[in-house]
Amino acid sequence: MDGNAPNRAFAHRHLLGIEGLSADDIIYLLDLADSYFEFNRRPDKKLDVLRGRTVMNLFFEDSTRTRTSFELAGKRLGGDVINMSVRDSSIKKGETLIDTAMTLNAMNPDVLIVRHPDSGAVELLSQKVACSVINGGDGSHEHPTQALLDALTIRRRKGRLKGLLVAICGDVLHSRVGRSNIHLLNIMGARVRVVGPPTLLPPEIERMGVEVHHDMEGGLADCDIVMMLRLQTERMHGIFVPSVREYFHFFGLDYAKLAAAKPDALIMHPGPVNRGAEIDTEVADDITRSVIPEQVEAGVAVRMACLEAITRNPSTEFDGAAS
Ligand code: ASP
């Protein structure tokens, strides 16, 4: 473990990103999530931490894991959970977002979980409502609960985050998961490498405090964690890779490339997995190396911790304090 939970509440009204959180904030959420991880394996999984509270899932983009696990998290904590998915492309995005936010705000929810295809949209929405907002992924900007669940998975397996060597591989350019993980791992003292073709790495990514590699063998050498990212074709405008086949040849994770990492290196992927594009199907399913199902399990625990922390925070009593 990285330390004991600080003896104070989580002092943020919203959870919009990992950037801006302290190591203590992250440890606080991970410690709480750790207890929920065990709790979720019990036959009786119902608490009343959120009794009387209303949680709304507002998803402007598709989701399987994030939406379902927030729903489960809210229900296991005893809250009322409403799901809304919004796909109305005929209305201008900005108007849809603000109009919808104002409508939902009028129903007095306590927490809004928002996913939106535009970077920054969730923060904008958080300025218009009276309740707490959790970012369920905004464009290629941030996906804070994914980074937290990845950190919980790593910490449970390796006992720490500090000092680990983590390779984040693939389409870092379009990935909110990659960006949130880089922030979190840096804050927690891990060493981060990004590995991918120049077309899929953001320009000047070194400024985020990462090492840059353009080949898998060098990038994975001696790594403790190999985190694969999906090719985010829905965010690509133009040609970023010559073909999926060629991409897999150079950057897809197979056993030959994995051999460069430490023998006990963990394989991670946020899902959905594109088998044969960024990862070989056998490697993805290798229960001795891949922790992909455990990441999903950690996701429910982390989202329970985030919901509890946000609703416990005194500033959610609507004193107007910013996050
Ligand atoms: N599910 C993650 C996200 O929403 C990763 C992905 O879609 O590739 O960003």
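Laboratory data are not the source of any read-out in this text; all were calculated from the coordinates shown. Nothing here was measured: the structure is a model prediction, and the numbers come from that model. Reconstructed Cβ throughout: ideal geometry from the backbone, glycine too, with neighbour counts over all protein chains shown.
Quick notes
- Taking 126, 69, 243 in turn, the Gaussian network model of the chain (Cα-Cα springs below 10 Å) assigns the largest fluctuation to 243.
- Between residue 186 and residue 236, the simple spin-label model (points 7 angstrom out along Cα→Cβ) gives 2.6 nm.
- Couplings 3J(HN,Hα) for the range 259-264, derived from phi with the Karplus relation 6.51 cos²θ - 1.76 cosθ + 1.60 (θ = phi - 60°), are 4, 6, 6, 4, x, 9 Hz, where x marks Gly and Pro.
- Normalised contact order of the range 252-317, rounded percent, pairs of Cα under 8 Å and 6 or more residues apart: 32 percent
- Lys, Arg +1 and Asp, Glu -1 on Cβ, resulting dipole of the chain about Cα centre, debye, nearest 20: 600 debye
- Distance in nm between pseudo-label sites at residue 38 and residue 158 (7 Å out along the Cβ direction from Cα): 2.3 nm
- Angle in degrees between helix 144-158 and the longest Cα principal axis of the chain, rounded to the nearest 10: 60 degrees
- Beta bridges by DSSP in the chain, antiparallel share as percent, to the nearest 5: 5 percent
- Whole-Hz ³J(HN,Hα) from phi, Karplus 6.51 cos²θ - 1.76 cosθ + 1.60, for the range 108-115, glycine and proline x: 6, x, 9, 9, 10, 9, 10, 10
- Global form of the range 224-323, assessed from the alpha-carbon gyration tensor, a/c cut-off 1.5: oblate
- Each of 175, 135, 256 was placed along the dipole of the chain (beta-carbon charges, centred on the mean Cα), and the one lying farthest toward the positive end is 135.
- Distance from the alpha carbon centroid of the range 26-41 to that of the range 231-291 works out to 28 angstrom.
- Based on the Kirkwood approach, the hydrodynamic radius assigned to the range 7-47 is 11.8 Å, with every pair of different Cα atoms included.
- Relative to the Cα centre, the charge distribution of the range 130-214, modelled as +1 at Lys and Arg Cβ and -1 at Asp and Glu Cβ, gives a dipole magnitude of about 560 debye.
- When the alpha carbon gyration tensor of the chain is reduced to an equivalent ellipsoid, the three semi-axes, largest first, read 32, 23, 17 Å.
- Two-site label geometry, residue 214 and residue 108: point separation in nm, points 7 Å out along Cα→Cβ: 5.9 nm
- Close amide H partners of residue 190, meaning residues 5 or more places away or on another chain with modelled amide H under 5 Å apart, are 163.
- Compared with the dominant Cα axis of the chain, that is its longest principal axis, helix 176-187 is turned about 90°.
- Between residue 244 and residue 221, the contour length at 0.36 nm per residue exceeds the Cα-Cα span by 5.9 nm.
- The chain: most fluctuating residue of 238, 271, 178 per GNM, C-alpha cutoff 10 Å: 238
- Per-residue ellipticity at 222 nm from helix content only, as computed over the chain with -39500 (n - 2.57) for each DSSP H run of at least four residues, stands at -11000 deg cm²/dmol.
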